[in-house]
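Each remark here refers to the structure printed beneath this line.
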Amino acid sequence: MSSNNVTLTTPDHSVSLPLVEGSLGPSCVDIASIYRETGHFTFDPGFAATASCKSAITFIDGEKGVLLYRGYPIEQLAEQSRFLEVAYLLLEGELPGTAEMAGFEDAVTHHTMMHESLKNFLRGFHYDAHPMAMLCASIASLSAFYHDTLDINDPAQRKLAAIRLIAKMPTIAAAAYRYSIGWPIRYPRNNLEYVDRFLHMMFEVPSEPLEMNPVAAKALDLLFILHADHEQNASTSTVRLVGSTGANPYASVAAGIAALWGPAHGGANEAVLKMLAEIGDAKNVDKAVARAKDKESGFRLMGFGHRVYKNFDPRAKIIRAMCHDVLDKLGVNDPLLEVALKLEEAALKDDYFISHKLYPNVDFYSGLIYKALKIPTEMFTVMFAIARTAGWIAHWIEQHEMPGGRIGRPRQVYVGAEPREYVAIDKR
Ligand code: SDX
């Protein structure tokens with residue numbers, strides 16, 4: 001093996017495969033020629049050791065618990081930035097100057113309204129439809145309204161689609177929620193900042209003005225920063241795979257919303273709250289940990305474990321500290337917080353969790369904060385989707401800007417029937 005390639009030896013071949021070096025992280029073996037040179041595919045279900053693309057947006061070091069957005073540590077962005085500035089950073093690659101930020105904010109603010117026909121679309125759902133179903137369908141439908149942003153090869157159209165998605169996601173999310181509780185939909189108020197505007201659309205009622213709560217707005221803005229991007233996670237990889245077919249940005253992001261919904265991914269924050277409520281009391285924690293270790297139970301500690309982080313999820317550390325602060329400031333005394341703390345303490349001392357390197361992830365504490373902000377449980381994954389829209393569309397744009405893009409089309413290990421003759425039904 002020389003410094004920039006590796007040699008793969010099979011019973012019949014010895015091939016030299018180039019190494020692909022990034023600016024940070026492990027180098028990768030370029031296996032694109034492996035089938036042509038050896039007749040073998042590679043096999044990596046779940047893509048645990050497979051890089052699907054080159055990207056300059058986010059870097060994660062799972063062993064050290066490092067998360068960088070365009071090179072900036074998540075801890076510094078959480079401390080000093082705000083979601084809309086982070087969205088700009090993810091999209092443009094650099095922090096904005098004052099004028100650039102003002103221009104971006106103005107563009108987002110003036111694209112927050114949704115087409116009036118979308119109201120009729122939402123009315124087609126039953127009141128008890130899950131808001132993720134309404135959000136996914138509504139975002140996919142945007143391509144039916146905005147024909148001026150469907151040319152994926154036009155950088156200006158790609159950028160306008162990004163602005164529209166970041167701007168309209170909160171409006172549509174709030175409209176879905178309001179529809180599900182029978183409240184009139186609220187139009188976005190341009191005099192409010194991004195998160196305040198969302199909270200106003202969620203909670204303002206015609207009968208009385210909504211008193212804005214700076215603690216709630218700051219907490220939600222921070223949660224949006226922490227959820228904005230995360231490299232090639234399942235939903236972002238879905239957006240890229242759909243985007244690789246040439247599908248429009250709205251269809252690509254709608255596919256990401258669908259992927260995020262699963263309880264193994266973004267649906268975990270909703271599942272954590274349900275799990276904590278099911279455990280109910282700190283005295284039941286040891287039983288829950290025992291169940292999570294019993295493979296037969298099929299039960300997992302939701303909010304624990306991560307494909308990449310084999311140490312504390314840096315976002316979980318920030319959210320954990322914020323959880324205490326926000327609940328204190330809002331005067332919320334949630335008994336489920338005690339259950340969560342006890343569960344975390346028990347799991348982090350348990351050999352099974354230590355040996356499997358299972359630590360709390362971003363979803364473990366976020367639900368407790370959403371609950372304190374009076375956001376209903378079924379809206380938790382919608383919160384995740386609002387934030388992750390910035391990352392999804394940044395990756396979608398990056399894949400179209402990067403030369404040499406090809407349609408994603410994995411191979412397989414076929415384990416089905418070998419060739420056989422058809423038999424007429426009366427002879428079977
Ligand atoms: C997110 O990818 C991302 O970056 C995602 C995300 C993002 O920002 O986009 O970070 C957001 O999705 C966070 C993860 C939220 N999901 C959950 O909290 C659900 C609970 N966690 C898991 O189901 C699991 O840990 C995953 C899905 C997160 C990771 O799955 P992996 O990497 O495929 O690991 P695995 O399922 O193969 O498990 C490895 C071992 C198994 O035991 P063994 O068979 O090897 O003995 O660990 C065990 C699992 O049984 N295990 C757990 C566990 N998670 C893994 N056991 C108990 N409780 C758990 N939570």
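The values are calculated or read from the model by the stated rules, or taken from the named source; none is laboratory data. From a predicted model like this one, the values you see are computed outputs, not experimental measurements. No Cβ is skipped: glycine too gets one built from the backbone with ideal geometry, and neighbour counts run over all protein chains shown. These accessible areas exclude ligands, DNA and RNA; they are computed on the full protein's heavy atoms, side chains included. Shrake-Rupley method; radii C 1.70, N 1.55, O 1.52, S 1.80 Å.
Between PRO170, PRO131, PRO45, which gets the highest mean-square fluctuation from a Gaussian network model of the chain, Cα cutoff 10 Å?
Highest fluctuation of the listed residues: PRO45.
In a GNM of the chain with a 10 Å cut-off on Cα contacts, which of LEU192, LEU122, LEU241 has the highest mean-square fluctuation?
Maximum fluctuation in the GNM of the chain, among the listed residues, is at LEU192.
Taking the convex hull of the Cα atoms, report for the chain its projected area averaged over all directions, in nm².
Values: hull surface 109.3 nm².
Reported value for the Cα convex hull: 27.3 nm².
Just need the relative contact order of the chain here, percent rounded to a whole number, with Cα pairs under 8 Å and 6+ apart.
Here the relative contact order equals 19 percent.
In debye, nearest 20: dipole of the chain around its Cα centre with unit charges on the Cβ of K, R (+) and D, E (-)? Provide the component values of the computation, followed by the final result.
Values: 42 positive and 50 negative charges, 177 e Å.
Roughly 860 debye, rounded to the nearest 20.
Where in the chain are the helices, taken as whole DSSP H runs, whose Cα atoms extend 24 angstrom or more along the long axis and whose Kyte-Doolittle mean reaches at least -0.5?
The answer, listed by residue number, is 155-180, 380-401.
Ranked from the most accessible area to the least, with a 1.4 Å probe and all protein chains present, what is the order of GLU37, GLU344?
GLU37, GLU344
Non-local amide H neighbours of LEU17 (under 5 Å, H modeled in plane, Pro and chain starts lacking H): which ones?
VAL6, THR7, LEU8
Between ALA417 and THR377, what is the spin-label point distance in nm, taking each point 7 Å from the Cα along the Cα→C-beta axis?
4.5 nm
Please turn the phi angles of the range 7-17 into ³J(HN,Hα) values with the Karplus equation 6.51 cos²θ - 1.76 cosθ + 1.60 (θ = phi - 60°), one per residue in order, whole Hz, x for glycine and proline.
Whole-Hz 3J(HN,Hα) from phi for the range 7-17: 10, 9, 10, 10, x, 10, 9, 9, 10, 9, 10.
Specify which residue in the list LEU91, GLN157, TYR177 is farthest towards the positive end of the charge dipole of the range 80-224, using unit charges on the beta carbon of Lys, Arg (+1) and Asp, Glu (-1), about the Cα centre.
Comparing the listed Cα positions along the dipole, TYR177 ranks first.
Hey, what number do you get for the chain at 222 nm if only DSSP H runs of n ≥ 4 count, each worth -39500 (n - 2.57), divided across all residues, to the nearest 500? Write out the running numbers ahead of the final one.
Values: 18 runs with 217 residues, N = 428.
Helix-only estimate at 222 nm: -16000 deg cm²/dmol.
Would you mind telling me the share, in percent, of accessible area of the range 293-333 contributed by carbon and sulfur at probe 1.4 angstrom?
Taking all protein chains in place, the range 293-333 shows 45 percent carbon and sulfur surface.
Would you calculate the separation in nanometres between label points at ARG406 and SER16, each defined as 7 Å from the Cα along the Cα-to-beta-carbon direction?
Taking the two extended label points, one gets 2.2 nm.
Considering the chain as a Gaussian network with a 10 Å cut-off on Cα pairs, which listed residue, ALA107, ALA234, ALA255, attains the greatest mean-square fluctuation?
With Cα springs under 10 Å in the chain, the top fluctuation among ALA107, ALA234, ALA255 is at ALA107.
With a 1.4 Å probe and every protein chain left in place, work out the accessible area per residue of the chain in Å², rounded to a whole number.
50 Å²
Summarise the accessible area of the range 1-41 (1.4 Å probe, protein heavy atoms) by the percent that is carbon and sulfur.
In the range 1-41, the share of accessible area belonging to carbon and sulfur is 55 percent.
Using alpha-carbon pairs under 8 Å, 6+ residues apart, how would you state the relative contact order of the range 298-428 in percent?
About 31 percent, as a whole number.
Show the residues, 5+ positions off or on another chain, whose built amide H is closer than 5 Å to the amide H of VAL66.
Hits under the 5 Å cutoff: ASP61.
How long is the gain from SER33 to ALA144 if the chain were fully straight, where each residue apart is worth 0.36 nm and the alpha carbon distance is subtracted?
Full extension of this stretch gives 35.9 nm more.
Go ahead and run the numbers for FRET between ASN5 and ARG291, Cβ-Cβ distance against an R0 of 56 Å, rounding to 0.05.
For R0 = 56 Å, the calculated efficiency reads 0.70.
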